[in-house]
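Quick note: the coordinates plus some simple rules give every number you see, no bench work behind them. Small disclaimer: the values here were computed from a predicted structure and weren't measured. Cβ: placed from backbone, ideal geometry, glycine included. Neighbour counts: every protein chain shown.
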Amino acid sequence: MRKEFSSWIENFGRKESRFIFLTGDLGFGALENVQAALQERFVNMGVCEQNMISVAAGLAQRGLIPLCYSIAPFAVFRPYEQIRVDVALHRMNVKIVGNGGGYGYGIMGATHHALEDIAVLSVLQHFACFIPLCNSDVDGACEALFRYVGPSYLRLGFGIWPDDAGELEGFKPIRKLAASRMPRPKATIVGLGPVLLNLIPWILEGGETDVFAVSQMPLVDLSDDLLVSLRASGLLWVIEEHTARGGLGEHLAARMAQEGVPFRLYHTHALGYPDGLYGSQSYHQTRSGLDRVSLQQTFRRLSS
Amino acid sequence: MAGAGHIGSSLSCLEILVDLCFDRMEKDDVLVLSKGHAAAALYTTLSLSDRLPETDLSTFYKDGTVLSAHPPCSGAIRAIPFGTGSLGHGLGLACGIAFSCRFTGKSFKVFAVLSDGDCNEGSTWEAVLFASQQKLSALTVVVDLNSVQGIGYTKNILNLEPIVDKWTSFGFAVAVAEDGNDFGSLSRAHETVKNSATPRCIIARTVKGHGISFMENRVEWHYLPMQDEHYAQALSELADAGLD
């Protein structure tokens, strides 16, 4: 998604003179076009994530529109208090962009993964997190990010919407990707981010479930389609490359309970590092049951 | 003081704030109090310099007040651009405000008042590096160096000396107010560096609890609220000094 992101940002920055791009000394091979377009409005802050956030808050206080870029864990966890106090509590219009959400940085190891980013940011006051489903979703996600005037986060990853999966509806907080062809869906599947693509296209071909993608957290208004689906299926299967605590599953379960919908929750989520071993993103997905084969097995088990 | 704590920290920086608000700051200039625990001194100074029309000082520390024990994050007070209270934030925020001039074309000065504890924080030194790299000439830092921290003396916790060398080596124009509770000393220090093209730092050597005999240089007065007898004695001492 970095390529799509940098292309969108370059165009946005050319049009919006108040836009300031700050990077924590990351973006080699990905942001050169942004730097060339923005010139002095592209600022390498050095490996000083705390100061990057505070400076961004100061810029926003004077009416500018700063964006802070780093890889997801460095953008979120290192400067978390600055995000909470300087940005969220003051409701500053600061954009934080983290590349490599989830296990995106694979073999780079646990320090480079972001499995808890949505949890810690979505609890902050006034905060909105935007999570594109796939590469072609990034333009819409960026538009939503900048349409939201306030503290906000964009979680970038990687994923390609398959050509044979039909046309993908434009970016929305909640989208229905697939509708069951049965009178009563076997499950209501709701997922966050590119890991959901491990269901596509096989889950569509089966026609036995409704599938929804959530792309904004905390959850905004629930779609009627989602409520109808869950009332019919009674089984909510949440899939996310994020820890169980504070992720989509807990948020969604709480909201559905508030709506009075009776359901059973099955949650497939990032398990961390259960055996202390490391590998690629797909290796970690497999260890967490988030890969294509594991999801197919889980679906067969749940629907039998 | 309505049972308020941090009185010693407020008294150490009171002259610094009065000097800034009455003698140095113009209408569009900005003040960031990084040592937010000295909010009592900030509110008082802002009020006396007609920068606090939004609220009533008598509500300080009371339920439902805008004037919390540390400056508010609500944006309700125009003269307080950022709420503070967790140390190590103020200089980065001041840097951001000063840096904005480069993109907006506006011209104003930014003052940040820091404490000993602020100088313990790594984020402060990140901001010092940035201010120097970007040559933020609009920025003036005043370090209220009262040499006492939360539960001990600075030299015994994380010794900041030689603090002048530290700030100088980072690229700041540094001047020392040897008596940071004296307006003349503060003024001379500001004058020494006022035309610098680099960011400036005034090291103000102050006294915690300045002006009240039983508070001066006493660690416990970082936190303690005054009881009625303390308050009466403090007023008496101020009266004796002709400051009531």
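Can you spot the lysines whose alpha carbon is less than 25 Å from A:LYS176's alpha carbon? Ignore those fewer than 8 places along the same chain.
Here the lysines satisfying the reach criterion relative to A:LYS176 are A:LYS186.
From the phi angles alone, apply the Karplus equation (6.51, -1.76, 1.60; θ = phi - 60°) to region A:49-55 and give each ³J(HN,Hα) in whole Hz, x where the residue is Gly or Pro.
5, 5, 5, 4, 5, 5, 4
Given H placed 1.01 Å from N in the peptide plane, which residues other than close sequence neighbours of B:VAL142 have an amide H under 5 Å from its amide H?
Correct list: B:ALA112, B:VAL113, B:LEU114, B:ILE202.
Please report the orientation-averaged projected area of region B:85-208, defined via the convex hull of its C-alpha atoms, in nm².
On the way: hull surface 29.5 nm².
Computed as one quarter of the Cα hull surface, the answer is 7.4 nm².
Based on the Cα atoms of region B:7-240, what semi-axes does the equivalent ellipsoid have, where each is the square root of 5 times one gyration tensor eigenvalue, given in whole Å with the largest first?
27, 21, 16
How big is D for region A:163-303, in µm² s⁻¹ as a whole number, if Stokes-Einstein is applied with the Kirkwood radius of its Cα pairs at 37 °C and 0.692 mPa s? If you can, show how the numbers build up before the last one.
On the way: Rh = 15.3 Å.
Rounded to a whole number, D works out at 214 µm²/s.
Just report the Cα centroid separation between region A:39-102 and region A:193-247, whole Å.
Between the Cα centre of region A:39-102 and that of region A:193-247, the gap is 30 Å.
Radius of gyration and Dmax for region A:5-64's Cα atoms, expressed in Å?
Radius of gyration, then largest Cα-Cα span, for region A:5-64: 11.3, 31 Å.
Mind grabbing the base-10 log of I(q)/I(0) for the protein assembly as shown at q = 0.09, 0.10 Å⁻¹? Debye formula, identical points on the C-alpha positions, no solvent, two decimal places.
-0.73, -0.85
Do you know the Lys pair count in chain B for C-alpha distances under 26 Å, with sequence separation 8 or more or different chains?
Count of close lysine pairs: 24.
If you project the alpha carbons of region A:17-153 onto their three principal axes, what span does each projection cover, largest first, in Å?
Principal-axis extents of region A:17-153 (Cα, largest first): 40, 35, 30 Å.
If you project the alpha carbons of chain A onto the principal axes, what extent comes out on each, in Å, largest first?
Dimensions of chain A along the principal axes of its Cα atoms: 59, 39, 35 Å.
Give me D for region B:137-183 in µm² s⁻¹, whole number, from Stokes-Einstein with Rh from the Kirkwood sum over alpha-carbon pairs, 37 °C and 0.692 mPa s.
Reported coefficient: 269 µm²/s.
Just want to confirm a number: the relative contact order over region A:2-156, from Cα pairs under 8 angstrom separated by 6+ residues, in percent.
Dividing the mean separation by the residue count of region A:2-156 yields 22 percent.
Would you work out if region A:84-179 is rounded, prolate or oblate? Take a ≥ b ≥ c from the square roots of the eigenvalues of the alpha-carbon gyration tensor; rounded if a/c is under 1.5, else prolate when a/b is larger than b/c, oblate otherwise.
Numbers: a/c = 2.38, a/b = 1.31, b/c = 1.82.
Oblate is the answer for region A:84-179, as a/c is 1.5 or above yet b/c matches or exceeds a/b.
Please list, ordered by chain and number, the residues whose modelled amide H lies under 5 Å from the amide H of A:LEU235; skip anything fewer than 5 residues away on the same chain.
When sequence neighbours closer than 5 places are left aside, the close amide H contacts are A:THR188, A:ARG264.
Over all directions, how big on average is the projection of the convex hull of the alpha-carbon atoms in region B:2-134, in square nanometres?
8.1 nm²
How high is the relative contact order of chain A? Use alpha-carbon pairs under 8 Å, at least six apart in sequence, and give a whole percent.
This gives 15 percent for chain A.
Kindly state, to the nearest 0.05, the FRET efficiency for A:VAL220 paired with B:ALA4, given R0 = 56 Å and r defined as their beta-carbon distance.
E(calc), rounded to 0.05, equals 0.85.
Mind listing the long-range amide H neighbours of B:ALA177? Cut-off is under 5 Å, sequence gap 5 or more, other chains count too, H placed in the peptide plane at 1.01 Å from N.
Answer set, sorted by chain and number: B:ILE203, B:ALA204, B:ARG205.
Applying the Karplus parametrisation 6.51 cos²θ - 1.76 cosθ + 1.60 with θ = phi - 60° to the phi angles of region A:288-304, what ³J(HN,Hα) value in whole Hz is obtained for each residue in order, glycine and proline being reported as x?
For region A:288-304, the Karplus curve yields 9, x, 9, 7, 4, 5, 4, 5, 5, 5, 4, 4, 4, 5, 5, 8, 8 Hz.
Below 19 Å, Cα to Cα, which lysines can A:LYS172 reach? Residues fewer than 8 away in the same chain don't count.
Once the sequence-local lysines are set aside, what remains near A:LYS172 is A:LYS95.
Could you tell me the calculated FRET efficiency between A:GLU169 and B:VAL164, based on Cβ-Cβ distance and R0 = 60 angstrom, to the nearest 0.05?
Working: r = 62 Å, r/R0 = 1.04.
According to the calculation, E is roughly 0.45.
Output the relative contact order of chain B, whole-number percent, from Cα pairs under 8 angstrom with separation of 6+ residues.
24 percent
Once R0 is set to 60 Å, what does the formula 1/(1 + (r/R0)^6) return for the Cβ-Cβ distance between A:GLN125 and B:ALA239, expressed as a FRET efficiency to the nearest 0.05?
0.85
I'd like the Karplus ³J(HN,Hα) series for region A:198-204: coefficients 6.51, -1.76, 1.60, θ = phi - 60°, whole numbers in Hz, and an x wherever there's a Gly or Pro.
Whole-Hz 3J(HN,Hα) from phi for region A:198-204: 5, 8, 9, x, 4, 5, 5.
A:LEU302: net charge of surrounding residues, Cβ under 11 Å, Lys/Arg +1, Asp/Glu -1, itself excluded? Please list the in-between numbers first.
Details: positive: A:LYS186, A:ARG264, A:ARG300, A:ARG301; negative: A:GLU208.
Surrounding charge for A:LEU302 is +3.
For A:ASP275 and A:LYS3, calculate 0.36 nm times their separation in residues minus their Cα-Cα distance, and state this gained length in nm to one decimal.
Gain on extension, A:ASP275 to A:LYS3, equals 94.6 nm.
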